[in-house]
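J.: Just dropping this structure here.
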Amino acid sequence: MKSAKTKENQSQRIRYSARNVWSGILFGLGLVGFIDEAVFHQLLHWHHFYDKSTSDIGLVSDGLFHAFSWFATIGSSFMLADLHRRHAFWLKRWIGGILLGGGAFQLYDGIIQHKWMRLHQIRYNVDIRPYDWVWNLIAVGMILVGIILIVRTQNRTLSREA
Amino acid sequence: MSGGPASWTSWEWIMGGLIFALLILLYMVAAAISNRNYRNWPLHRYVCWVVGMLCIGLSLIGPLARLSTTNFMIHMLGHLLLGMLGPLLIAFSAPMTLLLRSTPVPLARRITRLLKSKPAQIVAHPAAATLLNIGGLWVLYTTGLFMAMHHSLLLYIVVHFHVFAAGYLFTVSLLYVDVAPHRLSFQTRAIILMIAMAGHGILSKYIYAYPPDGASSEQAELGGMLMYYGGDAIDLFLVYWLCMQWYKSVRPRPAASMLQTLD
């Protein structure tokens, strides 16, 4: 038998199920953006502050994405605090959002920025193929697992259980 | 007439310093007047005003300002103090609230009417403030204006006044910490702030790649990086504050039906 508290939690989760996903997606975007910048740019020095001075579209898209991920990291943390405050936090669904958002950004970075715009590569002066495959396959894997988690925490399945 | 603080006489330095001392004193007097009729003016606002004035003063007079005409990285440090940190601190010292509280009622009414007027509404819209702020910086660093500024004192003063005024307008149009008659939704302000952050970040990378006239490529790289990471640090605070306002505004309140049962 379920206690009254869990029942209230469940109805709050259903009401705020979209906010759980969005908080996760934004957090995932910010997280991968941060890892990319902190680990690859600043710790390993694999690629740099500015690798190419000709692709102006790349410069703009990079700047927009950085601003967006900077905002997303902070904004999603406040959304998370709001969900906790309402007893509406849904860990599984939130993690699904993180994987979807993080994977989508990583795939965008790997395909559009690295390959199509050739803005920068993951690493220089080495055979780039294994790096690209690892980067993009991890991204695809994250997206798939993220989608599975989000689908499995749809409101329908939950209300059927309840 | 020569341009820039590199050629100023010691007499000009002293005058500059006196102006900032006077502005700090003026704030203290206004706060004392306000304290007679209202709740005591909070301590943190005094601190914000004084430190904000020091930031602006440092960027305009003294050794930093003297070096900034020949060293682009120092110039960028001055820009961060004058256009970002200074305006942010001044906004948090709530000068408009203090002005309204410390002036006679008829004058305060006239100021309020001015703030509520259509032209003020247009200029204080975050989109217009962003255009003035970030757009102004693009014009400064990508045209001959940067070089020209260092040869004409008038131009130097106009540009520096604009950098501060636009930075202040930008801050108060996004964060409502002072009197704000025309309020916009969180979503609108969030989107505009993101665009402004992107514009600032892109410009700093552009400077890194294409040095402004008169700056060596080494100096431009240092200056660009300082602008990029320094901008991020200030933006972090703006985003944090904006999101916190959202968090407070959506806090769950007891439903009306629940209040009725309590009666």
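Taken together, the values in this text are just the output of simple stated rules run on the coordinates, not laboratory data. Not measured: the values here are computed from a predicted model. Cβ placement follows ideal geometry from the backbone for every residue including glycine, while neighbour counts extend to all protein chains displayed.
J.: Which value at 222 nm does chain B reach when only helices count, each DSSP H run of 4 or more adding -39,500 (n - 2.57), with the total divided by all residues and rounded to the nearest 500 deg cm²/dmol?
T.: Taken over chain B, the calculation gives -24000 deg cm²/dmol.
J.: While we're looking at this one, here's another question. Which ³J(HN,Hα) values, rounded to whole Hz and listed in residue order, are derived for the stretch B:13-22 from phi using the Karplus coefficients 6.51, -1.76 and 1.60 in 6.51 cos²θ - 1.76 cosθ + 1.60 with θ = phi - 60°, glycine and proline given as x?
T.: For the stretch B:13-22, the Karplus-derived couplings read 4, 5, 4, x, x, 5, 4, 5, 4, 5 Hz, x marking Gly and Pro.
J.: Next question. Restricting things to alpha carbons, tell me how big the protein assembly as shown is in terms of Rg and Dmax, in Å.
T.: When restricted to the Cα atoms of the protein assembly as shown, Rg and Dmax are 25.5, 87 Å.
J.: Please say if the stretch B:166-241 is rounded, prolate or oblate, where rounded means a/c under 1.5 for a ≥ b ≥ c the square roots of the C-alpha gyration tensor eigenvalues, and otherwise the choice is prolate for a/b larger than b/c and oblate otherwise?
T.: Prolate is the answer for the stretch B:166-241, as a/c is 1.5 or above and a/b outweighs b/c.
J.: Once R0 is set to 22 Å, what does the formula 1/(1 + (r/R0)^6) return for the Cβ-Cβ distance between B:LEU236 and B:VAL139, expressed as a FRET efficiency to the nearest 0.05?
T.: 0.25
J.: Quick one: grab the alpha carbon gyration tensor of the stretch B:97-220, order the square roots of its eigenvalues as a ≥ b ≥ c, and give me rounded if a/c is under 1.5, else prolate or oblate depending on whether a/b is larger than b/c.
T.: Since a/c reaches 1.5 but b/c is at least a/b, the shape of the stretch B:97-220 is classed as oblate.
J.: Something else now. Calculate how steeply helix B:153-174 sits against the longest principal axis of the alpha-carbon atoms of chain B, using the helix alpha-carbon long axis, and give the answer as 0 to 90 degrees to the nearest 10.
T.: Value to nearest ten degrees: 30.
J.: Residue by residue through A:65-75, how many Cβ atoms from other chains fall within 10 Å of the Cβ on average?
T.: 6
J.: Quick check on chain B: take the gyration tensor over C-alpha atoms, sort the square-rooted eigenvalues as a ≥ b ≥ c, and tell me if it's rounded (a/c under 1.5), prolate or oblate.
T.: Here chain B falls in the oblate category.
J.: Give me the angle, in degrees from 0 to 90, between the Cα long axis of helix B:186-209 and the longest principal axis of the Cα atoms of chain B, rounded to the nearest 10.
T.: Helix B:186-209 sits roughly 10 degrees off the main axis of chain B.
J.: May I ask for the Kirkwood hydrodynamic radius of the stretch B:1-101, worked out over all distinct Cα pairs and given in angstroms to one decimal?
T.: When all Cα pairs of the stretch B:1-101 are included, the Kirkwood radius is 14.7 Å.
J.: Over the Cα atoms of the stretch B:48-160, what radius of gyration and what Dmax do you get, in Å?
T.: 16.7, 49
J.: What distance in nm separates the simple spin-label points at A:ILE147 and B:ILE14, each placed 7 Å from Cα in the Cβ direction?
T.: 7.5
J.: Taking the protein assembly as shown, how many lysine pairs are there with alpha carbons less than 23 Å apart, if each pair must be eight or more places apart or span two chains?
T.: 6
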